[in-house]
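Below: one structure, written as structure tokens.
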Amino acid sequence: MKSLRPVHPDSILFGPRSAQHPMISLNKVSKHYGRQLLLVDASFQLDPGDRVGLVGPNGSGKSTMFRLFAGEEDPDDGEVNVPKSLTLGWFKQEAGEMSGRTVLEEAIAGSGRLGDLHHELAELEAQLSDPLIGDRLDTVLARFGEVQGEYQQRGGYEIESRAKEVLHGLGFDDERIDGDVGHLSGGWKMRVAMAKVLIGDPDVLLLDEPTNHLDLESILWLEGFIRTTRAAVLMTCHDRDFMNRVVTRIVAIDKGELVVYGGDYDFYDRERAVRAAQQSAAFTRQQAMLKKEERFIERFEKHAAKAAQVQSRVKKLDKIEKLDEPRVREIVPFEFREPPRSGNDVVTIAGVTKRYGSRTIYDGFDFEVKRGERWCVLGQNGAGKSTLLKLVAGHTQADAGEVKLGASLQLGYFSQNALDLLDPKLTIWEQIDRAFPLASTPSKRSLLGAFDFPGDDIDKHIAVLSGGERSRLILAQMLFDPPNFLVLDEPTNHLDLETKEMLVKTLDHFEGTMLFVSHDRTFLRGLATRVLVLDSEGGKPEIHHRSYSQWVEHSGLEAPGVHR
């Protein structure tokens, strides 16, 4: 059968409540956009209990697979099979319009059929309490009985407690849960969108980059949720640790084909390297054989005595299936210039107090950063991680106390707002060329290649770039002529795994000083030599002169309050 039902108009979830044996599949599916082939005769099956990671370069067709399963697109050829009894929850990188409700009401309302029943029941109760209900009483009572019966059968009386549990896990405190959803930032609305999907308890979860807008504590909670959910899971994710902990299979989109690897992401990474080496060796052997045969044909094609042998070899070459040259995506660390040496005292924070309204973030905070140290800043939501970086970068001021920067300091500050500094009218090349007009063309091309802007990609306009591409461009521009003090607020957001690992390798050779916030454990393990733990309850910050890995071993925690 081709494709499935349209998505429920008011919900990310669709389909009836439950299926005993969830299974979705592609059978010899082909899909293309214009001249770009995304899937070619591709087959795949998601079985009950599966937790599958979907990987592939940007533009390879990962999101297209989700849209095929959700019925938003049809294949050009082949079949997309989704049982009609299946409930499917799809988290995608768009929150949609949210306003006019509390966070709790919005999360429940978007959780599918159960959410619809929850709100209809509330409306019917309000009608029944209306003294002017009059002749409509019997009709409303009958409908109330129907809705209440289905609601109870589906476990509706637990939905509010389940919704609060999920929202707490995703980082919401009670004040935010009861607050107006319309007042939330885009990142927090994305968490509400995820809560809608998880609360609905679907048979199949399609998760498109679920960790992008989460902090480390929420990521760790989500790991536990996925490991224990009854749903089959298909997801894309740029967090290596997350993938390793939750997936049991990897499906890679490789030139339109779906290649299955049994195991976690680390297994896939090793096995892919082995297969790539085997393919490269086979291609090299075949090329050598072809050249040898072609030389023989060229040498003896006019010799009558060798005519039979020549014809035999020509026929042999015609029958040989030519191997394609393996295409290996390799992003190498960028060798940037050595930054100028700063003074030994990089940042001195003395007696700093910072409040937002009635909320005290810092009260008499003392902290020092010395040359060459790499501090990661940990803490739950509201602890003041980004506030600290803004204080150091001069983007906000302390209410009391002093933030003093050291001598000979050149500070580079990366924040999510930095993406707004790019000119959407420029191309990638024009942005870098204007920033560094005196640098050589080869050096600028090398920079862009290291940050995964090869060949004609540099002619793309910034207006059409994704969030991850813009982040890469900002980081490339910052590191071409690097400052000696990097202040980075979630620099790996939206970066794919290969670029993220390249950035870690690149910054590992950075001889300046770093102060950063990150929810990516690969980044934390690879770079943090010091750990600052902030307390969201206003307690005294913890200063640890050890690496992140050593802090984890010492404390037994992976994030404040979250045990390994």
- Task: Answer yes or no as to whether residue 131 is out of contact with any strand residue (DSSP E or B) (no Cβ under 7 Å at 6 or more places or on another chain), more than 30 Å from residue 28 (Cα to Cα) and not assigned by TED's automatic domain parsing to the domain that holds residue 381.
- Result: yes
- For region 494-515, enumerate the residues that are in contact with a strand residue (DSSP E or B) (Cβ under 9 Å, 6 or more places away or on another chain) and either more than 19 Å from residue 210 (Cβ to Cβ) or among the aromatic types (Phe, Trp, Tyr) (or both). 507, 510, 512, 513, 514, 515
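Residues of region 209-253 being among the small types (Gly, Ala, Ser) and assigned to a loop (DSSP other than H, G, I, E, B), which ones?
Going residue by residue through region 209-253, those that are among the small types (Gly, Ala, Ser) are 218, 224, 231-232, 252.
Residue satisfying the conditions is 231 alone.
Considering only region 35-79, how many residues are hydrophobic (A, V, I, L, M, F, W, C), touching a strand residue (DSSP E or B) at 6+ places or on another chain (Cβ under 6 Å) and assigned to a strand (DSSP E or B)?
Applying the first criterion (hydrophobic (A, V, I, L, M, F, W, C)) to region 35-79 yields 37-40, 42, 44, 46, 52, 54-55, 65-66, 68-70.
Then keep just the ones that are touching a strand residue (DSSP E or B) at 6+ places or on another chain (Cβ under 6 Å); that gives 38-40, 42, 44, 46, 52, 54-55, 66, 68-70.
Pick out the ones that are also assigned to a strand (DSSP E or B) and you get 38-40, 42, 44, 46, 52, 54-55.
The total comes to 9.
Suppose we filter 271, 325, 321 for residues that are within 30 Å of residue 237 (Cα to Cα) and part of a loop (DSSP other than H, G, I, E, B); which single one remains?
Details: 271 fails: part of a loop (DSSP other than H, G, I, E, B); 321 fails: within 30 Å of residue 237 (Cα to Cα).
Every option except 325 fails the conditions.
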- Query: Do any helices (runs of 4 or more DSSP H) entirely within region 385-478 hold 2 or more residues that are assigned by TED's automatic domain parsing to the domain that holds residue 515, at pLDDT 90 or above and surrounded by 14 or more Cβ atoms within 10 Å (Cβ to Cβ), and if so, which?
  - Reply: 385-393, 428-435
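Here's the yes/no breakdown for (1) modelled with pLDDT under 75; (2) more than 24 Å from the chain's Cα centre (by Cα); (3) surrounded by fewer than 14 Cβ atoms within 10 Å (Cβ to Cβ):
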| site | (1), (2), (3) |
| --- | --- |
| 86 | no, yes, no |
| 91 | no, no, no |
| 94 | no, no, yes |
| 99 | no, yes, yes |
| 116 | no, yes, no |
| 131 | no, yes, yes |
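Criterion first (surrounded by 23 or more Cβ atoms within 10 Å (Cβ to Cβ) and within 16 Å of residue 92 (Cα to Cα)) does residue 238 satisfy it? Write out each step before concluding.
Numbers: surrounded by 23 or more Cβ atoms within 10 Å (Cβ to Cβ): no; within 16 Å of residue 92 (Cα to Cα): yes.
No.
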- With criteria (1) out of contact with any helix residue (DSSP H, G or I) (no Cβ under 9 Å at 6 or more places or on another chain); (2) modelled with pLDDT of 90 or more; (3) crowded, with 18+ Cβ neighbours inside 10 Å, residue 248 comes up short on (3)
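Residues that are at pLDDT 95 or above: find the strands (runs of 3 or more DSSP E) completely inside region 496-564 holding 3 or more of those.
Working: elements: 513-517, 530-533, 542-544, 557-559.
Where strands (runs of 3 or more DSSP E) fall fully within region 496-564 and carry at least 3 residues being at pLDDT 95 or above, they are 513-517, 530-533.
The values are calculated or read from the model by the stated rules, or taken from the named source; none is laboratory data. In this text, all values refer to a predicted model and were calculated from it rather than measured experimentally. Because the Cβ atoms are built from the backbone with ideal geometry, glycine has one as well, and the counts that use them run over all protein chains shown.
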